[in-house]
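Participant: Below are the structure tokens for one structure; questions will follow.
The values are calculated or read from the model by the stated rules, or taken from the named source; none is laboratory data. From a predicted model like this one, the values you see are computed outputs, not experimental measurements. Counting neighbours? That spans all protein chains shown, and the Cβs are built from the backbone with ideal geometry, glycine included. These accessible areas exclude ligands, DNA and RNA; they are computed on the full protein's heavy atoms, side chains included. Shrake-Rupley method; radii C 1.70, N 1.55, O 1.52, S 1.80 Å.
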Amino acid sequence: MKNKLTPNQDRIIIFDTTLRDGEQCPGATLNVDEKYAIARQLARLGVDVIEAGFPYASKGDFAAVQRIASQVGTPDGPTICGLARATEQDIKAAGEAVKPAARPRIHTFIATSDIHLQYKLRKSRAEVLAITSEMVAYAKSFVEDVEFSPEDAGRSDPEFIYEVLERAIAAGATTVNIPDTVGYTTPEEFGGLIRGIRENVPNIDRAIISVHGHNDLGLAVANLLAAVENGARQLECTINGIGERAGNAALEELVMALHVRRSYYNPFFGRPAESAEPLTKIKTREIYKTSRLVSNLTGMLVQPNKAIVGANAFAHESGIHQDGVLKHKLTYEIMDAQSIGLNDNQIILGKHSGRNAFGTRLRELGFELSETDVNNVFLKFKDLADKKKEITDWDLEAIVNNEIQQVPEMFRLELVQVSCGDRSSPTATVTVRTPAGEELTDAAIGTGPVDAVYKAINRVVNVPNQLIEFSVQSVMAGIDAIGEVTIRLQHEEQVFSGHAAHTDIIVASAQAYVNALNRLYTAQQTGDRLHPQYEQAVEAIAGV
Ligand code: KIV
Ligand code: ZN
């Protein structure tokens, strides 16, 4: 089978690793259904490749990659990729997991920096060269489309990288990815590394050069764009820039930089500066919605001043700026909020809207729900319409995201009631159904209403944990707005997140807490470590 991406080097290939590298941040772990929901939205966004997980790392990751491969990796869908260390067992698992996709890819990697060779792999350069040839060829026996990465390339000897890449391409790698694994390089250095690879790897014309960067020094996006100027044609990135430590290069920042500054980048692709042809296949109007879905399901909040998708990214506060924008948008705006889908929130539904109009709007927004889910969401919508006059797309999306969060329902919140005010001690009463089916009611006094609710829930569920983050945001402005609560709690070094939306923020807070407790409780019952790389770390420490 021919690698579909090979002829397209005159544009950028967007490789999204939200479900693999992005999921490697504490508390961001997603279950199979949540990964599938994100993968579907990524396909709608128009990414070329989805790195759906690390199949050998856990049964859950294998199942998620396999499901995404069969249901999202359709002939007109994206390439589906599975990550594998350069070992037979990893590559075999990745090969099996991606097999159902119309365009399957295996991404295999081995470290090349002297630091990693000496302390982590305890292998010589000659051994790494031999493993590269052998394992790329082994991956090639499963799929035509093989990507190879020399891990920690940013701190590796370039001469050694040239040799390793030459071997990988000779063995059949069709994409060679250059990762700045620890976010160490500067744009000038990283661009120079890519230029050196183009000039010194004899068979480089047989592969696409990809780049992958971490944001430890806040330079990930700048580094990847410098790489584009020097010939990189695949960008590895995540939604909202989530990922290991300080995260990865943010997809929305890369895409909008290439979109807004197209006339600057066009000449690097051999096009006239004024060419209007997009440099990526991303449907930019899907960006905001994708950002919110990822944030809601991972519990990783987007900082208000985050470029492109932060709450303040399009807000003008100072009088001078407001005056300028009112006179002409271009005075202080380099892009239109509409271009990322931010203002596509028409007020479309109200109390009298019927099930048909409701279902149609859901489909237009890209939600493919089962009949049961549509019915459940419709009831929530009617409930909201009684409290809130005008329901926007963002409200609808908040209700649906709340519903599709596939948190296993071990504990179920049946009732929450609080009494508070400036003359009384905040008191909460809750009723929770336990996994054994018992309905337990208890009450507690707290420093505030949320504290009282959490204390009352703790008395019933009895699952030790420490609340480490609590945040409330409103979906839209207005006194009747839906409040979204995101929390993170910790137990024995593992972090679990919970998210819920409701017009009553106390109810949302209680539900978000129960959602996070359900994740914690499920992990305890199944013995699953939530971090897919955990087993790898244990093996490494044990010297396996
Ligand atoms: O950062 C890194 O080096 C990676 C590799 C697996 C590509 O994520
Ligand atoms: Zn990475």
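Participant: From the set of residues in region 122-154 that are assigned to a loop (DSSP other than H, G, I, E, B) and charged (D, E, K, R), which is farthest from ligand 2 (Cβ to nearest atom)?
Facilitator: Among residues in region 122-154 that are assigned to a loop (DSSP other than H, G, I, E, B) and charged (D, E, K, R), the one farthest from ligand 2 (Cβ to nearest atom) is E144.
Participant: Tell me, yes or no, whether region 155-173 has at least one residue that is in a loop (DSSP other than H, G, I, E, B), modelled with pLDDT of 95 or more, away from ligand 1 (no atom under 16 Å from the Cβ) and open to solvent by less than 10 Å² (accessible area, probe 1.4 Å).
Facilitator: Checking region 155-173: not a single residue is in a loop (DSSP other than H, G, I, E, B), modelled with pLDDT of 95 or more, away from ligand 1 (no atom under 16 Å from the Cβ) and open to solvent by less than 10 Å² (accessible area, probe 1.4 Å).
Participant: Looking at (1) surrounded by 21 or more Cβ atoms within 10 Å (Cβ to Cβ); (2) within 16 Å of ligand 2 (Cβ to nearest atom); (3) over 21 Å from L235 (Cβ atoms), which one does E23 not meet, given that it meets all the others?
Facilitator: Condition not satisfied by E23: (3).
Participant: Which one of I242, I282 is away from ligand 1 (no atom under 16 Å from the Cβ) and in the same structural domain as A39 (by TED's automatic domain parsing)?
Facilitator: That would be I282, the only listed residue that is away from ligand 1 (no atom under 16 Å from the Cβ) and in the same structural domain as A39 (by TED's automatic domain parsing).
Participant: Return the pairs, sorted by first residue and then second, in which the second residue is surrounded by 10 or more Cβ atoms within 10 Å (Cβ to Cβ) and not aromatic (F, W, Y), the first residue lies in region 349-372 and is without any contact (Cβ under 8 Å) to a residue 12 or more places away in the chain and more than 22 Å from R292 (Cβ to Cβ), the beta carbons are less than 7 Å apart, and the residues are 6+ apart or on different chains.
Facilitator: Once the first residue is without any contact (Cβ under 8 Å) to a residue 12 or more places away in the chain and more than 22 Å from R292 (Cβ to Cβ) and sits in region 349-372, its partners that are surrounded by 10 or more Cβ atoms within 10 Å (Cβ to Cβ) and not aromatic (F, W, Y) give A357/L349.
Participant: For residues in region 321-345 being modelled with pLDDT of 75 or more and outside any helix (DSSP H, G or I), which is least open to solvent (accessible area, probe 1.4 Å)?
Facilitator: This residue is G341.
Participant: Now a separate question. Every residue in region 421-440 that is in contact with a strand residue (DSSP E or B) (Cβ under 7 Å, 6 or more places away or on another chain) and either open to solvent by less than 90 Å² (accessible area, probe 1.4 Å) or in a loop (DSSP other than H, G, I, E, B) (or both), please.
Facilitator: S425, P426, T427, A428, T429, V430, T431, V432, R433, T434, L440
Participant: Taking region 87-102, which residues are surrounded by fewer than 24 Cβ atoms within 10 Å (Cβ to Cβ) and in contact (Cβ under 8 Å) with a residue 40 or more places away in the chain?
Facilitator: Those that are surrounded by fewer than 24 Cβ atoms within 10 Å (Cβ to Cβ) and in contact (Cβ under 8 Å) with a residue 40 or more places away in the chain: T87, E88, K92, G95, E96, K99.
Participant: Oh, and also: Does V47 satisfy being more than 16 Å from ligand 1 (Cβ to nearest atom) and surrounded by 24 or more Cβ atoms within 10 Å (Cβ to Cβ)?
Facilitator: yes
Participant: Any residue at all in region 124-146 that is among the polar types (S, T, N, Q), touching a strand residue (DSSP E or B) at 6+ places or on another chain (Cβ under 7 Å) and within 16 Å of A227 (Cβ to Cβ)?
Facilitator: Scanning region 124-146 turns up no residue that is among the polar types (S, T, N, Q), touching a strand residue (DSSP E or B) at 6+ places or on another chain (Cβ under 7 Å) and within 16 Å of A227 (Cβ to Cβ).
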